[in-house]
Amino acid sequence: EQNYLLYALQIKNKEYSKIDLLKRLKETGIDSRPVWHLNHEQKMFLDYYSKNIAIAKTLFKTTINIPSSVSLKNVDIDKIMRSL
């Protein structure tokens, strides 16, 4: 079953950066955003115990959220995909 809560796109191509892709999508009128900052790296949580979760840091550096909604139409999805 499909989950429309959140679509995350991981950028594995070294030629593109997360920031470049976010800018490119914005220029074409597509709202996207970086994934949330890691809790253990936020100022309010720095004094708390955390484990070394290197994979989370990698995911934060290489992942963006793209539009997701049950109301997205095929034409919307096509526009997003062409803009990537």
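Close amide H contacts of Ile11 (hydrogens built in the peptide plane, cut-off under 5 Å, sequence separation of 5 or more or a different chain): Thr63, Ile64. Contact order for the chain, expressed relative to its length and based on alpha carbon pairs under 8 Å spaced 6+ residues apart, stands at 48 percent. Calculated mean residue ellipticity at 222 nm for the chain: -10000 deg cm²/dmol, from DSSP H runs with n ≥ 4 weighted as -39500 (n - 2.57), summed, divided by the residue count and rounded to 500.
Remark: the range 59-76, residue by residue, has Karplus-estimated 3J(HN,Hα) of 4, 4, 6, 10, 10, 10, 9, 10, x, 8, 5, 5, 8, 5, 9, 4, 5, 5 Hz, where x stands for each Gly or Pro and the curve is 6.51 cos²θ - 1.76 cosθ + 1.60 at θ = phi - 60°. Summing Cβ point charges (Lys, Arg +1; Asp, Glu -1) relative to the Cα centre of the chain gives a dipole of roughly 240 debye. If you sort Lys61, Lys18 by accessible surface, 1.4 Å probe, largest first, the order is Lys61, Lys18.
Of the residues Leu25, Leu59, Leu46, the one that moves most in a GNM of the chain with alpha-carbon contacts below 10 Å is Leu46. For Ser32, the amide hydrogen comes within under 5 Å of no other amide hydrogen, counting only partners 5 or more places away or on other chains and with H modelled in the peptide plane. The gain in end-to-end length when the Lys14 to Ala54 segment is fully stretched comes to 12.5 nm, 0.36 nm per residue minus the alpha carbon separation. The phi torsions of the range 39-51, fed into the Karplus equation with coefficients 6.51, -1.76 and 1.60 and a -60° offset, translate into couplings of 4, 6, 9, 7, 3, 5, 10, 4, 7, 9, 5, 8, 8 Hz, rounded to whole numbers, with Gly and Pro shown as x.
The values are calculated or read from the model by the stated rules, or taken from the named source; none is laboratory data. Every value quoted in this text rests on a predicted model; they were computed, and no experiment measured them. Cβ sites come from the backbone with ideal geometry, for glycine too, and all protein chains shown count toward neighbours. Areas reflect the complete protein model, heavy atoms only, side chains present, ligands, DNA and RNA absent. Shrake-Rupley method; radii C 1.70, N 1.55, O 1.52, S 1.80 Å.
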